[in-house]
Amino acid sequence: MSSQAPPATAATTATALVVDRLHVTYKVRATDRLAVRDVSFSIGREQTFGLVGESGCGKSTTALAITRYLPSNGRISGGSISVNGQDLASMGPDALRRLRARTISMVYQEPARALNPSIRVGRQVAEVYELAGLKKAEALERAEEMLRVVQIADPGRILRAYPHQLSGGMLQRVIIAMALASEPSLLILDEPTTALDATVEAEVLDLLAPLRERFHTAVLFISHNLGLIARMCDRVAVMYAGEMVEQGPAREILDNPRHPYTVGLLRCVPRAGQRKDHGRLDTIPGFLPGPGDVQAGCVFAARCALATRRCTEEAPPLYQVSAGRTSRCHYYEQAPNVPRTTPQDVKLATPVEGGEPVVSVWGASKTFHARGERLHALVGVDLELGRGETLGLVGESGSGKTTLARVLLGLTVPDQGSRIELEGSPLPMACTARDRKQLQALQIVFQNPGSALNRRHTVRHIITRSLKKLAGLSRQESERRLVEVVHSVRMEERHLALHPYQLSGGLKQRVAIARAFAGAPRVLVCDEPTSALDVSVQAAILNLLADLQSQEHVSYIVISHDLGVVRYLADRIVVLYLGRVMEEGSAETVFTGPHHPYTEALLSAVPSLDGPPRERIRLKGEIPSAARVPTGCVFHTRCPRRLSSGICESEEPPLAEVEPGHMMRCHIPVDQLRRLQAKGPGPSPSPVPWRSSIMPN
Amino acid sequence: MSVGPAVEEIPEASPLGRGGAAGALDVSAGRIRREHLHQLVRTKTFLAGALILAWWVMCAIFGQTFAPFKATSPNLLSFNSAPSAAHWFGTDALGRDVLSRVVVGARDILKIAPLATLLGTLVGTTIGLAQGYIGGIFDLVVGRVVDAALALPTVIVAFLFVVAVGTSTLTLVLVIGLVFGLIIARTVRAAVLQERELDYLDAARLRGETTVHVMFVEILPNVMGPVLVEFTVRLGYAVFTIATLSFLGFGVQPPTPDWGADIAANYQYLAAGYWWETLFPALAIASLVIAVNLIGDSIEAVLAQ
């Protein structure tokens, strides 16, 4: 806390942050556009307040306003912000600098961009203490201590490292350590774990709750992920188009939302028990209005199924729903019953049981050579994909999911000895050696539609080219087919003349899907098809993929770090770790268990919307480098259920069928796994000793 | 979801408002490029450069019709005369009107420089695209050849060629074009390497597109910005190189008026105080180079936004 503030203030101020009727305006091309309108909330000490909403809703703008870091074309055009009872607006440059140095800390999404790449981590952490007036040596000592607090086992090594030598998860811990070093009254976390793997995310987030209490810090947690908000926050506010549409205790909002937008958002997230044919995700129709576009009435009216004339004419005030809960909806009592925009259940073609597989892979291995090291990205993977089947590929980054997909597509040529067959006939390894029919059979939808579409080509050109090259259509035929394809992804002919930069992320991904379907593929690889998209867009894309599959009888390989997405789409799941298949089985079996210990850890890392968090097992550290693969079972270094007999360290278990159709690579007998997993997690990590108040006063 | 940095939510970051908002869809396809042009026309530096360039282009085409005197006719009655009402820029040692020679002297340099630069851009873009996209051994070998060629100053390489094959407009265009081609290849290669990270190239390969198609239809439109900037920058250098060669006597031959050759013919009289004979052709070279660079800089600035 600030040494400038009188001690009495610090002790008596229970609320760290008060935002009252905040308005933020951006000047864009000489016109003022209101980006944040009438936002009010407060955060008490040791409380976590969540701001949730889709991109463009004003979450980050609100955070920037609180730190007074708005870009030069933005200004606070109304309302007030006070931190520890001090009004921010009245602060001069010096007071503001002191505020940022001591009272407010911020952690951003991209840890690699938050540190200076050419200065050792130690110097950068110690600087926080030097600013507080400590001597160099003492500051470094404090820095080391602080790294221990964020559970870094070997702080000495980390302090001597440069940022690029550390993994994303480690960097984010360092940044959290720096942010907390000044014992701030307010810690702002803006999508702090979006760039991290779920397992690493879980570890980083585990740190935050105890630290918050230790430092009496108020936390403002910004995220698009409703599951994370549910797990982390006491109170939550849902933002839409610059307004706070609903606010209240996190659990209540998520269990019993009282604004049609919140209801819609929650219906977009796949939960347990929901699948593409049963309990479909609902979507929110229409588009987010631009800042300042809605002049009268409710900002959500244009997309709301409950909207009446009153909604478009009269802006709803903040209605008091119950104690501590507000909603900006005239009809908040009816909000939970917003009619669905898509049917609950649909009939989809089921995968063909038995029969010849569309694609078979035998012994697929890929070794990359980099700086004299051999990286085994893929080791002896066998795979079969049935007609109309959806196979989910699951694993952390670095597990070989994408390499496997690229090998299949012929974009990466595998090692000698790997074999791929397409409908019984061998497939050349490089896509350049494949003929038109073979190319046509295997297509992909990439993760980032912005990168997957040529930004200088129109939608018409992009799709027509695939119709010509893959389907082999003449000009007239492709003209006719083009319209069909565009309609099949629910786009319109007016979109044809546009360039990708004129389309939203969701529309771009539709173009990419249209392109992939233009050649009528047999197998479509979907590599993280929705991870670059907003939740409401994701739901629409997932349903579109499911419908197209049913119409065209295509097989899918779905790669996703989001287990909810995989569970929603996949019939069968393959879990990869360090390029090896650890577990394989029907989606049902893999999700209900008994699980491979790795799968178990992946599942328990995912923040869930469904009720109180499940018992967790935690992976220690991060996925080892593919250049130095552990001996024995490759997972033993992180396995929470490692056997004491030592067999896990010495002998690699085979991929064996433990139940009919359920393959697992583990020494532990499946019955024992079932018993262990019914019981719950193993011991949790021991707490780190702590010396109170590290800041000089 | 917002995977980008925090600034993603700042309205100005996306020129069309929220990407997919209904309003954005009414935008016609050419809007962005037209916007670039509008912005360019509003830039003061661009306007200044374009004005100067336009003046010299006009001189190159019509110079002979409006020059006050015949540029090649000597006047032995008034040689080495200082600037006056009759001869605004004075006369040279043979009594020829310096103003007329400067005006008409724009002709050859404004023919050779753009042609050479155009050739260089075509050659360089092709090499750069191939280096960047094909990569591997091809890139390595061509890369070393480029390094070797660039180790020598352009003027020296051009000088050697002209000495070997004899001077002509064609030789100058070819030599300067090829040397500049190698330099441009480097810039284009770097731009292509950035494109190679993007998935649309994999999509093209999965469609069975040929290497040539990928290079010229997929990648080229995306690297046109750097190519355009490189063209204007090289144009400036080309003017300079040609003037230098003429100065050394390997460019345009006397008595045809030419800035570089005129400086060479007259700089010996500087010591005698006849400064106008050297200064005005030199200013002409400088103004043309500056004009081209002003244009190049403004294009780069607009494209960078």
Could you list all residues from region A:568-602 that are of a type in the set (S, T, N, Q) and more than 17 Å from A:T199 (Cα to Cα)? A:S586, A:T589, A:T592
Is region B:38-49 home to any residue that is part of a helix (DSSP H, G or I) and more than 30 Å from A:R456 (Cα to Cα)? yes
Any idea how many residues of region A:507-557 are surrounded by 24 or more Cβ atoms within 10 Å (Cβ to Cβ) and at positive phi? 0
Starting from residues that are in contact (Cβ under 8 Å) with a residue 24 or more places away in the chain and more than 16 Å from B:W259 (Cα to Cα), keep the ones in region B:71-99 and report whichever is surrounded by the fewest Cβ atoms within 10 Å (Cβ to Cβ). B:A82
Among the residues of region A:22-38, which ones are of a type outside the set (D, E) and either closer than 18 Å to A:S60 by Cα or crowded, with 18+ Cβ neighbours inside 10 Å (or both)? A:L22, A:H23, A:V24, A:T25, A:Y26, A:K27, A:V28, A:R33, A:L34, A:A35, A:V36, A:R37
Away from every other protein chain (no Cβ under 12 Å), part of a loop (DSSP other than H, G, I, E, B) and within 31 Å of the chain's Cα centre (by Cα): is that true of A:A520 in this structure? yes
For A:L385, only one of the following conditions fails: (1) within 26 Å of A:G564 (Cβ to Cβ); (2) not assigned by TED's automatic domain parsing to the domain that holds A:T599. What is its number? (2)
Which residue is nearest to the other protein chains (Cβ to nearest Cβ), if the candidates are limited to region A:178-193 and must be of a type in the set (D, E, K, R) and in a loop (DSSP other than H, G, I, E, B)? A:E191
With respect to B:A191, is the statement that it is in contact (Cβ under 8 Å) with a residue 40 or more places away in the chain, within 14 Å of chain A (Cβ to nearest Cβ), among the hydrophobic types (A, V, I, L, M, F, W, C) and buried (at least 17 other Cβ atoms within 10 Å of the Cβ) true? yes
Out of everything in region A:48-60 that is within 14 Å of chain B (Cβ to nearest Cβ) and among the hydroxyl-bearing types (S, T, Y), what residue ends up being nearest to A:M232 (Cα to Cα)? A:S60
Selection count where residues are more than 27 Å from A:E583 (Cα to Cα) and in contact (Cβ under 8 Å) with a residue 40 or more places away in the chain, scope region A:371-390: 1
Are any of the residues in region A:492-504 within 21 Å of A:Q551 (Cα to Cα), within 11 Å of chain B (Cβ to nearest Cβ) and modelled with pLDDT of 90 or more? no
Report the residue count in region A:559-575 for those that are part of a helix (DSSP H, G or I) and buried (at least 22 other Cβ atoms within 10 Å of the Cβ). 6
Would you call A:T367 touching a residue at least 12 places away in the same chain (Cβ under 8 Å) and buried (at least 21 other Cβ atoms within 10 Å of the Cβ)? no
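Okay, residues lined up against (1) assigned to a helix (DSSP H, G or I); (2) more than 9 Å from chain A (Cβ to nearest Cβ):
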{"position": "B:L178", "(1), (2)": "yes, yes"}
{"position": "B:I184", "(1), (2)": "yes, yes"}
{"position": "B:D202", "(1), (2)": "yes, no"}
{"position": "B:G208", "(1), (2)": "no, no"}
{"position": "B:V217", "(1), (2)": "yes, no"}
Residue check: is A:L196 crowded, with 20+ Cβ neighbours inside 10 Å, at pLDDT below 90, within 14 Å of chain B (Cβ to nearest Cβ) and under 30 Å from A:S327 (Cβ atoms)? no
Taking the condition in contact with a strand residue (DSSP E or B) (Cβ under 7 Å, 6 or more places away or on another chain), within 14 Å of chain B (Cβ to nearest Cβ) and of a type in the set (K, R), does A:R45 pass? no
Quick one: A:V299 ticks every box in (1) surrounded by fewer than 24 Cβ atoms within 10 Å (Cβ to Cβ); (2) within 25 Å of A:G85 (Cα to Cα); (3) at pLDDT 90 or above except a single one, so which number is it? (2)
Of the conditions (1) out of contact with any strand residue (DSSP E or B) (no Cβ under 9 Å at 6 or more places or on another chain); (2) within 14 Å of chain B (Cβ to nearest Cβ); (3) more than 30 Å from A:T350 (Cβ to Cβ), A:A202 fails just one. Which one is it? (2)
Reported set for region A:253-310 where residues are farther than 13 Å from A:V238 by Cβ and small (G, A, S) is A:A272, A:G273, A:G279, A:G286, A:G290, A:G292, A:A296, A:G297, A:A301, A:A302, A:A305, A:A307
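Yes/no matrix, rows are residues, columns are (1) surrounded by fewer than 19 Cβ atoms within 10 Å (Cβ to Cβ); (2) within 13 Å of chain B (Cβ to nearest Cβ); (3) at pLDDT below 90; (4) touching a strand residue (DSSP E or B) at 6+ places or on another chain (Cβ under 8 Å):
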position	(1), (2), (3), (4)
A:S425	yes, no, no, no
A:A430	yes, yes, no, no
A:A441	no, yes, no, yes
A:H457	no, yes, no, no
A:R460	yes, yes, no, no
A:K469	no, yes, no, no
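The values are calculated or read from the model by the stated rules, or taken from the named source; none is laboratory data. Note that the structure is a prediction, hence the values are computed from the model and not measured. Neighbour counts are summed over all protein chains in view; Cβ atoms, including those assigned to glycine, are modelled from backbone coordinates with ideal geometry.
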